[in-house]
Amino acid sequence: MSTTDIQSFHGLIVEEDIPLTLEDLCQACCASREHVVAWVVEGVLEPLGETPQDWRFTGASLHRARLAVWLTRDLEINPPGVALALDLLDEIAALQAHQQRLGPR
């Protein structure tokens, strides 16, 4: 007889067009509330709503938050540095898209 290895995976499925609360975002990207609030203050994330209780985040915010988590945890960058790094990554992406539109030379 052979044995079968069974692996269990746990995950969270997030729809791009369903808004996330602050708690949902924290859970989805494994970030603390304090980090997410600091990223909002620095302009890394731009939620809809006036107060943290009313904030709603988009799928794009989740992607940025996951990048912010990586920059914070793995590279030990502080919130202002995360904002700068993500702004530079956005600029690089915009330049690459512009270059693709121009085509090969």
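I'd like the full set of residues that are aliphatic (A, V, I, L, M) and not in a helix (DSSP H, G or I), limited to region 30-82. Within region 30-82, Ala31, Val44, Leu45, Leu48, Leu75, Ile77 meet the criteria.
Residues are listed down the side, and each one gets a yes or a no for (1) among the charged types (D, E, K, R); (2) at pLDDT 95 or above:
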{"site": "Pro52", "(1), (2)": "no, yes"}
{"site": "Arg64", "(1), (2)": "yes, yes"}
{"site": "Thr72", "(1), (2)": "no, yes"}
{"site": "Asn78", "(1), (2)": "no, yes"}
{"site": "Ala83", "(1), (2)": "no, yes"}
{"site": "Asp87", "(1), (2)": "yes, yes"}
{"site": "Ala94", "(1), (2)": "no, yes"}
{"site": "Gln99", "(1), (2)": "no, no"}
{"site": "Leu102", "(1), (2)": "no, no"}
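Looking across region 41-63, the residues that are under 13 Å from the mean Cα position of the chain (by Cα), in contact (Cβ under 8 Å) with a residue 24 or more places away in the chain and crowded, with 17+ Cβ neighbours inside 10 Å come down to Val44, Pro47, Phe57, Thr58, Ser61, Leu62.
Among residues of region 70-94 being β-branched (Val, Ile, Thr) and surrounded by fewer than 19 Cβ atoms within 10 Å (Cβ to Cβ), the one that is nearest to the chain's Cα centre (by Cα) is Ile77. Restricting region 48-105 to residues that are out of contact with any His (no Cβ under 7 Å at 6 or more places or on another chain) and polar (S, T, N, Q) leaves a set whose member that is nearest to Pro19 (Cα to Cα) is Thr58. Note on region 1-35: among residues that are surrounded by 14 or more Cβ atoms within 10 Å (Cβ to Cβ) and of a type in the set (Val, Ile, Thr), the one that is modelled with the lowest pLDDT is Val14.
The values are calculated or read from the model by the stated rules, or taken from the named source; none is laboratory data. Remember, predicted model here, so these are calculated numbers, not experimental data. Positions of Cβ are generated from backbone atoms using ideal geometry, with glycine treated the same way; all protein chains shown enter the neighbour counts.
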